[in-house]
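**Student:** One structure, as structure tokens, below. Some questions next.
The values are calculated or read from the model by the stated rules, or taken from the named source; none is laboratory data. Note that this is a predicted model, so its numbers are computed, not measured. Positions of Cβ are generated from backbone atoms using ideal geometry, with glycine treated the same way; all protein chains shown enter the neighbour counts. We work out accessible area using only protein heavy atoms, side chains counted, and drop any ligands, DNA or RNA first. Shrake-Rupley method; radii C 1.70, N 1.55, O 1.52, S 1.80 Å.
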Amino acid sequence: TALVLLMTLPGLALFYAGMVRRKNVINTMASVLAVAALVSLLWLGLGYSLAFTPGTPWLGTLARAGFAGMDYVKDGAQMAVSHLAPHVPESVFAMFQLTFAVITPALIVGALVERMRFSALLWFAGLWSLLVYAPVAHWAWEPGGWMAQLGTLDFAGGTVVHINAGAAGLVCAYVLGPRQGYGREPFEPYSLALTMVGTGLLWVGWFGFNAGSALEANGFAALAFANTLVATAAAVLGWILGEALLKGKASMLGAASGAVAGLVAITPAAGNVGIGGALIIGVLAGLICLWGVTGLKKLLGADDSLDVFGVHGVGGILGALLTGVFNSPNLGGPSLVADWTTVAMVTPDAYSIAGQVWIQAKGVLITIAWSGIVSLIAYKIVDVVIGLRVPEEEEREGLDITSHGETAYHK
């Protein structure tokens, strides 16, 4: 749980802050920090109950709302226990899930930096965490959720976290419009050194993200741990190889982006594929996400500032679909499937790659549709109430000074 929180604070904050222009560094870091604080309280007060209590296939109940499950049970000498993790106190399970709920809207920050009102971001993040994240988490990770019932495999959040955030980020980029000077002026990153530090913290923290999703120290946790390293390393090399072939040189930013692409793509597959599958997923993630932030970004025509869709959306889609392929025991997948909600036997003769990929695809498509449509509604609501975008003169001056009265450098 602490490792996953480390991914957001300070990992993601540093990763993003290093890539924006120096006049928006403080705003970027403040956005990640404030979203983390807001969503933490919303999650424990309401979101956790909506996501992780039995209810309908589409949403849980309010049975654990209002910080329920956080109380010490004196007679049992323990904290209350979740039905999904009966071997750990519910406070730990709820907090572990909180760290996922926190990082997902924080990822969206990368698509809207340098032009969105700070207050508007917080209103949107609050609405999004309850209207989009909690339902999708329920679909995939609560045994009664429709994706879980369908047999969708999402070990640690390829659909729930990355595709979900990627779709919302792309919609935001369209709604906000491009930054002033986008495509005409040089947008020099503040410090790629900070981005590298953030990348390292994300990679280390991701072991908690993936291995921790086994919910106990077992073979699935060990497999997820190893797969996380293998896929990420392969994606780094895949990305920089692609860059070298296309541009004649490999960049540090490309290597960092490749690492995140590999981490994203292996997330749904971490405990559900073999080492060989993780290697292939990683290489493909590096190459395809490189296309996602170059060729695909041009085709989409959206100013997704820090390529949230190109890396998290594309990487999440790739990982979700390839989970269906490499989960096959004939391709090195484990003989058991671990998806939080069930542990089911899988035999080579019984496994259908085409069938599982189609199941994965349905989860991907509906998640994109839900996140995209509800995010658009939430953006429009916030825009009508307080306005989404800062005035042009404030954007030109920089959001650090105009929104916070601070700078990341001395004149």
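**Student:** Taking Rh as the Kirkwood radius computed over C-alpha pairs, what is the Stokes-Einstein D of the range 56-154 at 37 °C in a medium of viscosity 0.692 mPa s, expressed in µm² per second?
**Tutor:** Estimated via Stokes-Einstein, D reaches 213 µm²/s.
**Student:** Related question: Which of H312, H162, H87 ends up with the largest GNM mean-square fluctuation for the chain, with Cα atoms connected below 10 Å?
**Tutor:** H87
**Student:** In addition: So what is the orientation-averaged projected area of the chain, using the convex hull of its C-alpha atoms, in nm²?
**Tutor:** Dividing the Cα hull surface by four gives the mean projection, 19.7 nm².
**Student:** Same structure, new question: Report D for the range 106-224 in µm² per second (integer): Stokes-Einstein, Kirkwood Rh on Cα pairs, 37 °C, 0.692 mPa s. Working shown, then result.
**Tutor:** Working: Rh = 16.9 Å.
Rounded, D is 194 µm²/s.
**Student:** Still on this structure, I have one more. Local charge sum around W128 (other residues, Cβ-Cβ under 15 Å, Lys/Arg +1, Asp/Glu -1)?
**Tutor:** Taking every Cβ under 15 Å from that of W128, the sum is 0.
**Student:** Shape verdict for the range 226-276, please, from the Cα gyration tensor: rounded (a/c under 1.5), prolate (a/b greater than b/c) or oblate.
**Tutor:** prolate
**Student:** Before anything else, pin down the relative contact order of the chain: Cα pairs under 8 Å, at least 6 apart, normalised by residue count, whole percent. Display every interim value, and only then the final one.
**Tutor:** Working: 857 pairs, mean separation 96.2, N = 411.
RCO, the chain: 23 percent.
**Student:** How much of the accessible area of the range 39-130, probe 1.4 Å, is carbon plus sulfur, in whole percent?
**Tutor:** Within the range 39-130, the accessible surface is 69 percent carbon and sulfur.
**Student:** Need one word for the range 151-208: rounded, prolate or oblate. Basis is the Cα gyration tensor (sqrt eigenvalues a ≥ b ≥ c); a/c below 1.5 gives rounded, then a/b vs b/c decides.
**Tutor:** oblate
**Student:** At 0.36 nm per residue, minus the direct Cα-Cα distance, what do W291 and V204 gain on full extension? Give it in nm, one decimal, please.
**Tutor:** On the way: separation 87, 0.36 × 87 = 31.32 nm, distance 2.56 nm.
Here the answer is 28.8 nm.
**Student:** For q values of 0.13, 0.21, 0.22 Å⁻¹, compute log₁₀ I(q)/I(0) with the Debye formula on a Cα-only model of the range 1-135, without solvent.
**Tutor:** Log10 I(q)/I(0), no solvent term: -0.58, -1.16, -1.23.
**Student:** Related question: For the chain, modelled as a GNM with alpha-carbon contacts under 10 angstrom, which of L321, L299, L84 fluctuates the most?
**Tutor:** Sorting by GNM fluctuation, first place goes to L299.
**Student:** Where only protein heavy atoms count, and the probe is 1.4 Å, what is the accessible area per residue for the range 158-223 in Å²? Could you put the intermediate results ahead of the total?
**Tutor:** Working: 2480 Å² over 66 residues.
It amounts to 38 Å² per residue over the range 158-223.
**Student:** Tell me which residues come under 5 Å, amide H to amide H, from M79 once H is placed; ignore anything under 5 positions away on its chain.
**Tutor:** Answer set, sorted by chain and number: V73.
**Student:** To continue, here is another question. Which listed residue (L299, V175, N327) has the Cα farthest towards the positive end of the charge dipole for the chain, taking +1 on Lys and Arg C-beta and -1 on Asp and Glu C-beta about the Cα centre?
**Tutor:** The residue sitting most towards the positive pole is L299.
**Student:** Sticking with this structure for a sec: I need to check one value: relative contact order of the range 107-181, counting alpha carbon pairs closer than 8 Å and at least 6 residues apart, in percent.
**Tutor:** RCO, the range 107-181: 47 percent.
**Student:** In the structure displayed, which of K249/K380; K297/K362; K249/K297 lie more than 31 Å apart, Cα to Cα?
**Tutor:** With Cα atoms farther than 31 Å apart: K249/K380.
**Student:** Can I ask one more? At 0.36 nm per residue, minus the direct Cα-Cα distance, what do L300 and A217 gain on full extension? Give it in nm, one decimal, please.
**Tutor:** So the chain would gain 25.6 nm between L300 and A217.
**Student:** Now for a different question. Could you give me D for the range 212-328, from Stokes-Einstein at 10 °C and 1.306 mPa s, where the hydrodynamic radius is the Kirkwood radius over C-alpha pairs? Units µm² s⁻¹, please.
**Tutor:** Working: Rh = 14.0 Å.
D = 114 µm²/s.
**Student:** Okay, next question. Counting heavy atoms of the protein chains only and a 1.4 Å probe, report the per residue accessible area for the range 266-411 as a whole number of Å².
**Tutor:** Each residue of the range 266-411 exposes 43 Å² on average to a 1.4 Å probe.
**Student:** Where is the GNM fluctuation largest for the chain (alpha-carbon springs, 10 angstrom cutoff): V236, V132, V175?
**Tutor:** V175
**Student:** Leaving out ligands and nucleic acids, note down the accessible area per residue over the range 1-156 with a 1.4 angstrom probe, in whole Å².
**Tutor:** 33 Å²
**Student:** If you don't mind, another one. Quantify, in whole percent, the carbon and sulfur part of the accessible surface of the range 348-411 (1.4 Å probe; protein heavy atoms only). All intermediate terms of the calculation are to be shown ahead of the outcome.
**Tutor:** Details: 2300 of 3680 Å².
Ligands and nucleic acids excluded, carbon and sulfur give 63 percent.
**Student:** Compute the length gained on full extension between S352 and H404: take 0.36 nm times their separation in residues and subtract their Cα-Cα distance, giving the result in nm to one decimal.
**Tutor:** 13.3 nm
**Student:** State the dimensionless ratio Rg/Rh of the range 172-256 (Rg: radius of gyration of Cα atoms; Rh: Kirkwood radius).
**Tutor:** Using only Cα positions, Rg/Rh for the range 172-256 is 1.12.
**Student:** Shifting gears a bit: Could you pull out every whole DSSP H run in the chain that spans at least 27 Å of Cα extent along its own axis and averages -1.0 or higher on the Kyte-Doolittle scale?
**Tutor:** Going by DSSP H runs, the hits are 90-112, 192-211, 219-247, 353-385.
**Student:** With a 1.4 Å probe and all protein chains left in place, how much of the accessible area of the range 139-229 comes from carbon and sulfur atoms, in whole percent?
**Tutor:** With neighbouring chains kept in place, the figure for the range 139-229 is 66 percent.
**Student:** Using a Förster radius of 51 Å, what is the FRET efficiency between S251 and V88 based on their Cβ-Cβ separation? Nearest 0.05, please.
**Tutor:** 0.75
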